[in-house]
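The structure appears right after this line, and notes come after that.
The values are calculated or read from the model by the stated rules, or taken from the named source; none is laboratory data. Because the structure is a prediction, the values reported are computed rather than measured. Cβ atoms come from the backbone with ideal geometry, glycine included; neighbour counts cover every protein chain shown. Keep in mind that these areas ignore ligands, DNA and RNA; they rest on the heavy atoms of the full protein, side chains included. Shrake-Rupley method; radii C 1.70, N 1.55, O 1.52, S 1.80 Å.
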Amino acid sequence: MRTLKDLPELSGKRVIVRCDLNVPLNGSTITDDGRVRASVPTLEYLIERGAKVIVISHLGRPEGAPDPQYSLAPVAKRLGELLGKDVAFVGETVGEQATEAVSALNNGEVLVLENLRFNPGETAKDDAGRNAFAQALASLGDVFVSDGFGVVHRKQASVYDLPKLLPSVAGLLIETELKVLERLTDKPEKPYVVVLGGSKVSDKLGVIDHLLPRVSKILVGGGMVFTFLAALGNKVGSSLLEKDQIETVLGYLAKAKELGVEIVLPTDIVVASKFGADADVEITAATQMESTPFGEKGLGLDIGPESAKAFAEDIRSAKTVFWNGPMGVFEIDKFANGTREVAKALTEVDGLSVVGGGDSAAAVRQLGFEDNQFGHISTGGGASLEYLEGKIMPGLEVLK
Ligand code: ADP
Ligand code: MG
């Protein structure tokens, strides 16, 4: 793959950088700026070499039209603070104003364009729609740097079509992310423990299939738990459950047995009377979830304390750990214990510990951990999982 070092003279060149600045927002306040910070090294590299830096990114899921709640303006402001210099922002992605703002750039200056997804071409399914938008983007620059690791698994205009139109390389964030992921796939040191949780259950089940032959143990927490418990014949009340995945899950359990790999499920669950901070809470055995006063209305919103301890022990005695997906609804303190225990155990691993996933990364920071307590915090959830699944990533293929 071509990288920044392969670029000739950068001084005075208009360099378009595709970052992933898709941060969680509360109004216009950034609640976790990890992705903005992760984009800084590449931008500094370009600034130091006198490039005219044009930053593009998406934010949230606007539907192909401008939507002020998803403006990148607050992100541009934060980026300026982190770079310690003025960062210009223009309220459109392509068009007259954007073109003017680009031509006003001096060497070493940075401009952020408005949210890519305000344009239907960015995520268009048809090649022509994406290509027209990519052409418009390409006309703004001389060189393209792909550094939005969180989106390289997407076949989108700024990720896949644009790099075909300009000399293109991978940025420093993508290089760093790939180096770590390679260590997870190429002879990882054993015991290798993978911890899976979160709420995107069907998205994440696929990774189990791919990982089973490579890992020592898979610990299952978060919303994924209930599909496993149900597959084993348990009642799970009103918890997150993907009935159509039960057969798949049974298949994984059988395959794990065959390979001698343990899929570890929680033995106790924090069951809530409803979703919310003011819910009543009971801790029950994972096999007795409907025995609480809430009966079949009960919601499993965290792994129980006994399970959290057991998971932490498995993690601490591993040499390689990959964790994706919170163990419970960590956003509410009552349901954050499992996630906190697992995060703490990762900081104590004598080996490589990797956290992947937007919400998982936000969770460890929200719970008071520092980035440097982990081997690596990946900016890409879906992207890192697809890499581990061995899938082809359009945004990386196109840079080869
Ligand atoms: P990531 O972004 O790290 O890949 P996901 O997006 O899959 O993770 O899931 C994160 C979300 O999962 C969090 O908002 C959390 O509240 C939710 N979650 C975790 N456990 C449960 C559960 N038992 N029931 C419902 N939601 C859950
Ligand atoms: Mg998420």
| remark: With the first residue restricted to the range 373-400 and required to be in contact (Cβ under 8 Å) with a residue 12 or more places away in the chain and closer than 18 Å to Val215 by Cα, and the second required to be open to solvent by less than 30 Å² (accessible area, probe 1.4 Å) and part of a loop (DSSP other than H, G, I, E, B), Cβ contacts under 6 Å at 6 or more apart or on different chains are Ser384/Ser378; Glu386/His153
| request: Filter the range 214-247 down to the residues that are more than 22 Å from Gly304 (Cα to Cα) and touching a helix residue (DSSP H, G or I) at 6+ places or on another chain (Cβ under 6 Å), then identify the one that is nearest to ligand 2 (Cβ to nearest atom). | output: Gln245
| field | Leu212 vs. criteria more than 12 Å from ligand 1 (Cβ to nearest atom) and either surrounded by 17 or more Cβ atoms within 10 Å (Cβ to Cβ) or among the charged types (D, E, K, R) (or both) | value | yes
| Before we move on, is Val225 outside any strand (DSSP E or B), within 26 Å of Leu352 (Cβ to Cβ), open to solvent by less than 10 Å² (accessible area, probe 1.4 Å) and touching a strand residue (DSSP E or B) at 6+ places or on another chain (Cβ under 8 Å)? | yes
| field | Those residues of the range 280-307 which are more than 15 Å from ligand 1 (Cβ to nearest atom) and of a type in the set (A, V, I, L, M, F, W, C), in sequence order | value | Ala285
| request: Confirm whether Lys274 is in a helix (DSSP H, G or I) and of a type in the set (Lys, Arg). | output: no
| said: Among the listed residues Thr320, Thr347, identify the single one that is in contact with an Asp or Glu (Cβ under 8 Å, 6 or more places away or on another chain), modelled with pLDDT of 95 or more and either away from ligand 2 (no atom under 16 Å from the Cβ) or closer than 15 Å to Thr185 by Cβ (or both). | reply: Thr320
| request: Under 9 Å between Cβ atoms, at least 6 apart or on separate chains: pull out the pairs that start in the range 284-304 with a residue that is among the basic types (Lys, Arg) and end on any residue that is at pLDDT 95 or above and surrounded by fewer than 20 Cβ atoms within 10 Å (Cβ to Cβ). | output: Lys297/Ser238; Lys297/Ser273; Lys297/Lys274
| Every residue from the range 308-348 that is within 15 Å of ligand 1 (Cβ to nearest atom) and hydroxyl-bearing (Ser, Thr, Tyr) | Thr339
| said: What's the total number of residues in the range 156-184 that are of a type in the set (D, E, K, R), in contact with a Ser or Thr (Cβ under 9 Å, 6 or more places away or on another chain) and at pLDDT 95 or above? | reply: 2
| Just wondering, is there one or more residues in the range 258-267 that are open to solvent by less than 80 Å² (accessible area, probe 1.4 Å), among the acidic types (Asp, Glu) and not in a loop (DSSP other than H, G, I, E, B)? | no
| request: Enumerate the pairs (first residue in the range 344-369 and among the polar types (S, T, N, Q); second residue anywhere and open to solvent by 40 Å² or more (accessible area, probe 1.4 Å) and outside any helix (DSSP H, G or I)) with beta-carbon separation below 9 Å, excluding pairs fewer than 6 apart on the same chain, so at least 6 apart or on different chains. | output: Thr347/Glu370; Ser353/Gly375; Gln366/Thr31; Gln366/Glu331
| With respect to Leu219, is the statement that it is assigned to a helix (DSSP H, G or I) and in contact (Cβ under 8 Å) with a residue 60 or more places away in the chain true? | no
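Need a quick list: strands (runs of 3 or more DSSP E) entirely within the range 124-213 having at least 1 residues that are within 16 Å of ligand 2 (Cβ to nearest atom).
Numbers: elements: 143-146, 168-170, 192-196.
Strands (runs of 3 or more DSSP E) meeting the threshold: 192-196.
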| task | Restrict the check to the range 270-279 and report whether at least one residue is surrounded by 16 or more Cβ atoms within 10 Å (Cβ to Cβ), within 24 Å of Ala345 (Cα to Cα) and touching a strand residue (DSSP E or B) at 6+ places or on another chain (Cβ under 9 Å). | result | yes
